[in-house]
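The values are calculated or read from the model by the stated rules, or taken from the named source; none is laboratory data. Quick caveat: nothing in here was measured; it's all calculated off a predicted structure. Here the Cβ positions follow ideal geometry from the backbone for every residue, glycine too, while neighbour counts run over all protein chains shown.
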């Protein structure tokens, strides 16, 4: 036994010694000193960027980095601030369905020109079913885009995007799209060059040297799971507007570790861990922004054996029994806003914000126990149930710390305010989505972030047969309103219809909004021109500057 | 050779005769192996301290939550993050729940998981390890390779699968822990049995025609019991740690329940501003570990026949 | 002998095959699939499943997987879409191995030293101090000790960098945090073993021969007492190499530990299979080689089979 283990230990040590030797080489870089006059910023992201292929990437960090190393036809910098990007100017037809973009003289990082053909190729690549892009639905606004992606038509030339010449790109849409300009700044619509993509094959975008850049920065180095280093792109058309020479992005998963790196001056900005927010706020250093995420309870109205889940009055009873203010105060440590309506307050309306043009408050910030009980009485009468404790359900949620705390407080509030005892089921993220897709849940605590700056990104989720409507809820009136809003070219009537739909959803739908998420962060005073967004890249550092 | 004056003479002796009743009497009370072990364990002050702490915590886990008027799960946002006070002895947590009540409710979960998982691991490990070591050859090969395989399957897959099949709760967690937890015990027992089975008393038993199961369970296992018991004591902490680790990756017990591991995991995130939220659960985890380790050490000494005097 | 090696090799291969097969099917039993996300629609997901060959019947997928495995190819990761699992492991394992080896060496040296100090000063304050350190080591979870170290030594005292893996200073805290548990184990084992050896006859003989106390301790006591510690070195190394997840998370080390957890959370089938196969084969191969060496050294083993 002894000799056996000895031999085992020695073998392990030998094998590992060899491998560890290789590891040394990998970890020896990084200590090199930068030149003094260069301007550098550093920050952390909490996970590796899984993919930087513009048409295949989906996650928030790819969008963040992509914004800096690529450029679409249009660049959005800050809230609704639309700027020309690769397109110098553009015009739209009378029926708002045909857009023509005129490209400027711009170059890829290898010195070749960026052409309209690169955009045509990229858009069709996004929609090509063989690309298997998760975000291909972003291209469904384009004429025949959805049909091509679903294989209903196979001829890519029928797709409504065409390079008329090297400098002119024409895009035909299925319907008028109010937010089409800002959509063109989204990662999925960044150009890629056909010959380069085909040369790289499956390895395209796997490493820093397997990508071409046309944005303000180029990806200099990509040490997977460790750091990304961006450098100013000398070929960028607007390079004089770019002040930063180098951006270091560290991959640090633990929020407390990341925050301590900021405290030690290793990074220039960072999120504040929830537990420390009060302390940092007391020192006057905390900043806040809305990151666009909204969280809500979603009822499964077709749950066998639990008819109360489909009962509109029961859903309202739960909605009024939740004390959103108390939840935000304790779970979120005061960061975030109680959601009293469905549409995210940041989303654009006709001129101002949608919620300013259409003010509305369905739920109260605090629990309204009287109203909740009233609705519960009604529900019990309709369901012919006399004992409220029978109206129980299983609350499905993620396995994170915040999700757990949220579940615990809602569980307790429903017990105190309605006398209903619910059970909590915590599962990993993927398992939650699977249960939702199979509609194998009672009530789920879910979240949604906007794809574009318009209320429609939230409203169209709940139409009958919608890809994300896994509640089983179906309402003809709602469907009609959404369909009208999606096809009309009268944007005022469109907004009215969306507001009607929102009210209908709050009064009769299976959705109970809980909170609009806000993030608390700190940023060094020397950093100027950093912009936060609730849609698109969370941090836009492209025009940032540092003062020495 | 000369005789001296004080030579031994016959007169100096006296005939006692047979006394049947005294012949069979035992001068000192006979003590069994276990009585002896217990006696020596009692002499080991440090080990006894460990035992007393464990018993104390177990009692507190039962009665502790009822010693305060506050319920372990009732949130109160008017009293969030209160430091320990006369009102809330251990303070309150981030949802305003009383931490005294939560700590002892958490003790129930942690201790139950720890003891249950350790016990089941031991039972399964002893049976399989015993069989493997005793029969050797193909059986042993098969069992040892099975252990290799189980050792290499990612633990989380098994935990998540158990959650899917059995739902959530303490039992599925314990079962998931047991599925891979018995491996160490089995290896240990196998090693012991391999050594013991070459000894003469086993040969004697075989010659007398004892069955395999009799030899394993009446001769081999009892002789390995000391090692088994010590390992059992030590594996309670590891089960408690495993639950804490599962809490770390979000797979621990579900609301409204909590465990020491979960309390400590939340505490570590807040310790810079509210150290008591970390140090209270960490204190109980650490002292439990400490006590069980001390008890284990004491048991090892007490059960070691070589140290018997 | 040749026949024995062949026989043993055959068994190892069977073991590896069973392991890989089990994990292949178990991971697919988990609810969900690799491309599930909040935004993806069923049609788009079907496209992605087709692209990665996951729409094919399971036995065909299995055959393809086995075929590729024989070529040493684990395929593309389903989450890090344009990186192969081989690349991911090649990039990440050196960090885990580096950290693991440092932890093993530190745990062994420090643990043995503590154990010796404790044993030589039995029941005196040095003994209690050493054993206190050892007990604390096994009593505090690493997710508690890591952040505490970080806060004290990096944020407050500013002696060491907070995280990452870029040079010797960066390795100190993670190595310590990872090794603490094993260090404690080894210290206790060493102490017990030293005390055991003191009573052996050869020590008495050595004393009787008039050797100096130093010679006795060094040549006889420590050398003999260290054997049980060496015995656990194998299992400890295995634990430290695979159990790096928590420490890697806290100190932002780009090692392999997290892929075990993330791979399963993301249902990245090929990554999980690759990881399991990698570690599993590692273990099985090590056992195989050990058995062979053992068999060469000790002929009775061969006869016994």
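Scanning region C:97-109 finds no residues that are crowded, with 24+ Cβ neighbours inside 10 Å, at the interface with another protein chain (Cβ under 9 Å from one of its Cβ atoms) and outside any helix (DSSP H, G or I). In region C:60-85, which residues are surrounded by fewer than 23 Cβ atoms within 10 Å (Cβ to Cβ), in a helix (DSSP H, G or I) and touching a helix residue (DSSP H, G or I) at 6+ places or on another chain (Cβ under 7 Å)? Scanning region C:60-85 gives C:62, C:65, C:69. If I ask for residues that are assigned to a helix (DSSP H, G or I) and touching a strand residue (DSSP E or B) at 6+ places or on another chain (Cβ under 7 Å), which ones from region A:393-409 would you list? The answer is A:403, A:404, A:406, A:407.
Among the residues of region A:368-397, the ones that are crowded, with 20+ Cβ neighbours inside 10 Å and in contact (Cβ under 8 Å) with a residue 40 or more places away in the chain come to 9 in all. Suppose the filter is without any contact (Cβ under 8 Å) to a residue 60 or more places away in the chain, more than 14 Å from every other protein chain (Cβ to nearest Cβ) and in a loop (DSSP other than H, G, I, E, B); does residue A:94 pass it? Spelling it out, residue A:94 is indeed without any contact (Cβ under 8 Å) to a residue 60 or more places away in the chain, more than 14 Å from every other protein chain (Cβ to nearest Cβ) and in a loop (DSSP other than H, G, I, E, B). The single residue among B:187, B:214 that is without any contact (Cβ under 8 Å) to a residue 12 or more places away in the chain and assigned to a helix (DSSP H, G or I) turns out to be B:214.
Only helices (runs of 4 or more DSSP H) whose full extent lies in region A:415-512 are considered here, and the ones with at least 1 residues that are free of Cβ contacts under 8 Å to residues at least 60 places away in the same chain and under 30 Å from residue C:267 (Cα atoms) are A:429-437.
Check region A:278-289 and report whether any residue there is more than 22 Å from the chain's Cα centre (by Cα) and assigned by TED's automatic domain parsing to the domain that holds residue A:383. No, region A:278-289 contains no residue that is more than 22 Å from the chain's Cα centre (by Cα) and assigned by TED's automatic domain parsing to the domain that holds residue A:383. So, residue A:530, is that one assigned by TED's automatic domain parsing to the domain that holds residue A:413, crowded, with 18+ Cβ neighbours inside 10 Å and more than 26 Å from residue A:329 (Cβ to Cβ) or not? In short, no. Go through C:192, C:208, C:187 for me and flag whichever is buried (at least 22 other Cβ atoms within 10 Å of the Cβ) and either in a helix (DSSP H, G or I) or within 14 Å of chain B (Cβ to nearest Cβ) (or both). Testing whether each residue is buried (at least 22 other Cβ atoms within 10 Å of the Cβ) and either in a helix (DSSP H, G or I) or within 14 Å of chain B (Cβ to nearest Cβ) (or both) leaves just C:187. Screening B:77, B:58 for residues that are modelled with pLDDT under 85 and surrounded by fewer than 19 Cβ atoms within 10 Å (Cβ to Cβ) leaves exactly one candidate, B:77. Just one residue in the set B:258, B:286 is surrounded by fewer than 24 Cβ atoms within 10 Å (Cβ to Cβ) and closer than 18 Å to residue B:58 by Cβ; that residue is B:286. Applying the criterion of being assigned to a loop (DSSP other than H, G, I, E, B) and within 14 Å of another protein chain (Cβ to nearest Cβ) to the residues of region C:50-59, the residue that is farthest from residue C:90 (Cα to Cα) is C:55. Do you know which of the residues in region A:255-277 that are in contact (Cβ under 8 Å) with a residue 24 or more places away in the chain and assigned to a loop (DSSP other than H, G, I, E, B) is nearest to the chain's Cα centre (by Cα)? So, considering only residues that are in contact (Cβ under 8 Å) with a residue 24 or more places away in the chain and assigned to a loop (DSSP other than H, G, I, E, B), the one nearest to the chain's Cα centre (by Cα) is A:272.
In region B:148-159, the residue that is farthest from residue C:283 (Cα to Cα) out of those that are more than 8 Å from chain C (Cβ to nearest Cβ) and crowded, with 20+ Cβ neighbours inside 10 Å is B:159. Scan region B:160-183 for residues that are within 12 Å of another protein chain (Cβ to nearest Cβ), touching a residue at least 24 places away in the same chain (Cβ under 8 Å) and over 25 Å from residue C:258 (Cβ atoms) and jot them down. If the condition is that a residue be within 12 Å of another protein chain (Cβ to nearest Cβ), touching a residue at least 24 places away in the same chain (Cβ under 8 Å) and over 25 Å from residue C:258 (Cβ atoms), then B:169 is the only one that fits. The requirement of being touching a residue at least 60 places away in the same chain (Cβ under 8 Å), within 10 Å of another protein chain (Cβ to nearest Cβ) and in contact with a helix residue (DSSP H, G or I) (Cβ under 6 Å, 6 or more places away or on another chain) is satisfied by residue B:251. Only one of the numbered conditions (1) assigned to a helix (DSSP H, G or I); (2) within 14 Å of chain A (Cβ to nearest Cβ); (3) buried (at least 19 other Cβ atoms within 10 Å of the Cβ) is not met by residue B:220, and that is (2).
Residues in region B:1-41 that are at pLDDT below 70 and in a helix (DSSP H, G or I): B:20, B:21, B:22, B:23.
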